[in-house]
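Report on one structure; see the data block that follows.
The values are calculated or read from the model by the stated rules, or taken from the named source; none is laboratory data. Just so it is clear, the model here is predicted, and its values are computed rather than measured. Because the Cβ atoms are built from the backbone with ideal geometry, glycine has one as well, and the counts that use them run over all protein chains shown.
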Amino acid sequence: MFSREESRKLREEFWTSFGKSFPRKWILYNTKIKDFSFKFYFDTKKAGVVLDIESQDLEKRIHYYEKVTSLKSILKEEYLPEVIFEDVFFLDNGKEISRIYVEKTGVSVHNKKSWQETMEFLNTTMIQFEDFYSEYEDFIKS
């Protein structure tokens, strides 16, 4: 087991290393759609790349989720075959959002031996997600 401080340091070391290994300006929160953002995560059990639709306005959230869902076959066939769609997803804090994501299991931020494969997964997956978004951004925004 790792102490909270040891875990924090490992996480910080991982993200610093990831940034140095794959220097790039990611879209992340800069989608130009409020509460519509790409995120990375990596914990003690899995890693992932997500598109979170977090609007408190349920109609807006449904609208953007349905826009992306209408492109589901394209996203799966041309970009991310393993993508998962969840119209209702609860964050740890209890907030209800919609989430579209790709996960890699069997990796841990506490296991440095899994870092390289995780970094490659995060980089490749986010590039694919961003390429998809860039191609269909106008449609999603309309």
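Observations
- For first residues located in the stretch 46-63 and within 23 Å of P81 (Cα to Cα), partners that are in a strand (DSSP E or B) and of a type in the set (S, T, N, Q) and lie 6+ apart or on another chain with Cβ distances below 6 Å form the pairs K46/T105; D52/S37; I53/S98.
- Candidates E77, E66 - the one that is surrounded by fewer than 18 Cβ atoms within 10 Å (Cβ to Cβ), within 17 Å of T125 (Cβ to Cβ), over 17 Å from the mean Cα position of the chain (by Cα) and free of Cβ contacts under 8 Å to residues at least 24 places away in the same chain: E77
- Being over 16 Å from M119 (Cα atoms), assigned to a helix (DSSP H, G or I) and not hydrophobic (A, V, I, L, M, F, W, C) is a description that applies to K67.
- The residue that is farthest from K60 (Cα to Cα), counting only those in the stretch 92-105 that are of a type outside the set (A, V, I, L, M) and in contact (Cβ under 8 Å) with a residue 24 or more places away in the chain, is T105.
- Residue that is surrounded by the most Cβ atoms within 10 Å (Cβ to Cβ) [pool: residues in the stretch 82-114 that are touching a helix residue (DSSP H, G or I) at 6+ places or on another chain (Cβ under 9 Å), assigned to a loop (DSSP other than H, G, I, E, B) and not polar (S, T, N, Q)]: V109
- Just so you know, in the stretch 115-142 the residues that are of a type in the set (A, V, I, L, M, F, W, C) and farther than 30 Å from K9 by Cβ include one that is surrounded by the fewest Cβ atoms within 10 Å (Cβ to Cβ), and it is F139.
- For the stretch 1-35, filtering for residues that are more than 22 Å from T124 (Cβ to Cβ) and surrounded by 14 or more Cβ atoms within 10 Å (Cβ to Cβ) leaves 4.
- If you filter the stretch 60-112 down to residues that are at pLDDT 95 or above and among the acidic types (D, E), you find that the one that is nearest to S17 (Cα to Cα) is E103.
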